[in-house]
Amino acid sequence: TTQAQETPRNMFGFKDGTANIKADDVGALDSHVWAQPGDGPAWMDGGTYMVARRIRMDIEAWDRANLTEQERVIGRDKREGAPLGQAFEFDEPDFTMTTGRQPVIPEDSHVRLAHPDLNSGTRILRRGYNFTDGSDGFGHLDAGLFFICFQRDPVAQFVPLQRQLSRSDALNEYITHTSSGVYACPPGLGDGQWWGQQLLEG
């Protein structure tokens, strides 16, 4: 997730992870990804918490939606990846811009509801991997996104963000979460150390 990396596209054809934390942004990693002393148990200092989710995407229904509807659901232009109303992928979204009657970026769009400005500054380091697993037996693709994210505190970051998205995200019409898990990832190792040593010897 470096500045030089091209943003991948998901199974809906949209760029996925534009606003992601970059691996070379040390300050953001310390603030949002790596557990700090006092956050929790000492054996997790310098580690992180991983959430993994398997998200099935209803590709057939999505493909039947027209381009305008798809872009309204996501809140971004499909070709460039720019926030609606802007020109380039990494332009900041303007949530105050209106058509005169309604917001340019809809209030139930994924981009608006997931944005840090609407979530008390919450950010996560996310990685999405597309998958296809054949058919579901009814002629529909069993395909979607294997979503992995890392955060300093899942209760303070991931849970509130998901609650926000669960209430009114227009994308929910096209996706189903089929499995999930939360994992503690201890910090890296120094010379002479072994994995989990602080936990098992503490």
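In the set G181, G137, G144, G100, only one residue is closer than 23 Å to M11 by Cα and either in a loop (DSSP other than H, G, I, E, B) or of a type in the set (K, R) (or both); that residue is G137. Per this entry, A42 is not counted among residues that are more than 22 Å from L165 (Cα to Cα), open to solvent by less than 20 Å² (accessible area, probe 1.4 Å) and in contact (Cβ under 8 Å) with a residue 40 or more places away in the chain. When restricted to residues that are touching a residue at least 12 places away in the same chain (Cβ under 8 Å), in contact with a strand residue (DSSP E or B) (Cβ under 9 Å, 6 or more places away or on another chain) and more than 19 Å from L171 (Cβ to Cβ), segment 86-101 contains 1. With respect to the conditions (1) surrounded by fewer than 19 Cβ atoms within 10 Å (Cβ to Cβ); (2) in a loop (DSSP other than H, G, I, E, B); (3) out of contact with any His (no Cβ under 9 Å at 6 or more places or on another chain), E69 falls short on a single one, namely (2).
If the condition is being under 30 Å from D133 (Cα atoms), open to solvent by 40 Å² or more (accessible area, probe 1.4 Å) and assigned to a loop (DSSP other than H, G, I, E, B), then segment 45-66 contributes D58, N66. In the set A87, A35, A4, only one residue is in a loop (DSSP other than H, G, I, E, B) and over 25 Å from I148 (Cβ atoms); that residue is A87.
Only residues that are in a helix (DSSP H, G or I) and either small (G, A, S) or surrounded by fewer than 16 Cβ atoms within 10 Å (Cβ to Cβ) (or both) were counted in segment 105-132, giving 4. Going by the structure shown, is Q3 open to solvent by 50 Å² or more (accessible area, probe 1.4 Å) and touching a Pro at 6+ places or on another chain (Cβ under 9 Å)? When the stated conditions are applied, Q3 does not pass them.
Filtering segment 72-84 to residues that are of a type outside the set (D, E, K, R) and not in a strand (DSSP E or B) leaves V73, I74, G75, G81, A82, L84. Of all the residues in segment 19-39, those that are surrounded by 16 or more Cβ atoms within 10 Å (Cβ to Cβ) and more than 25 Å from W195 (Cβ to Cβ) number 3. So for segment 133-145 (the condition being farther than 30 Å from Q198 by Cα, open to solvent by 20 Å² or more (accessible area, probe 1.4 Å) and within 17 Å of the chain's Cα centre (by Cα)), does at least one residue qualify? Checked segment 133-145: no residue is farther than 30 Å from Q198 by Cα, open to solvent by 20 Å² or more (accessible area, probe 1.4 Å) and within 17 Å of the chain's Cα centre (by Cα). Whenever a residue of segment 173-202 is closer than 30 Å to Q70 by Cβ, its partners that are in a helix (DSSP H, G or I) and open to solvent by less than 70 Å² (accessible area, probe 1.4 Å), lying with C-beta atoms within less than 7 angstrom and at least six residues away or across chains, give the pairs Y174/A61; Y174/W62.
The values are calculated or read from the model by the stated rules, or taken from the named source; none is laboratory data. This structure is a prediction, so every number in the text was calculated from the model and none was measured. As a convention, Cβ positions derive from the backbone with ideal geometry for all residues, glycine included, and neighbour counts pool all protein chains shown. Accessible surface areas use protein heavy atoms only, side chains included; no ligands, DNA or RNA. Shrake-Rupley method; radii C 1.70, N 1.55, O 1.52, S 1.80 Å.
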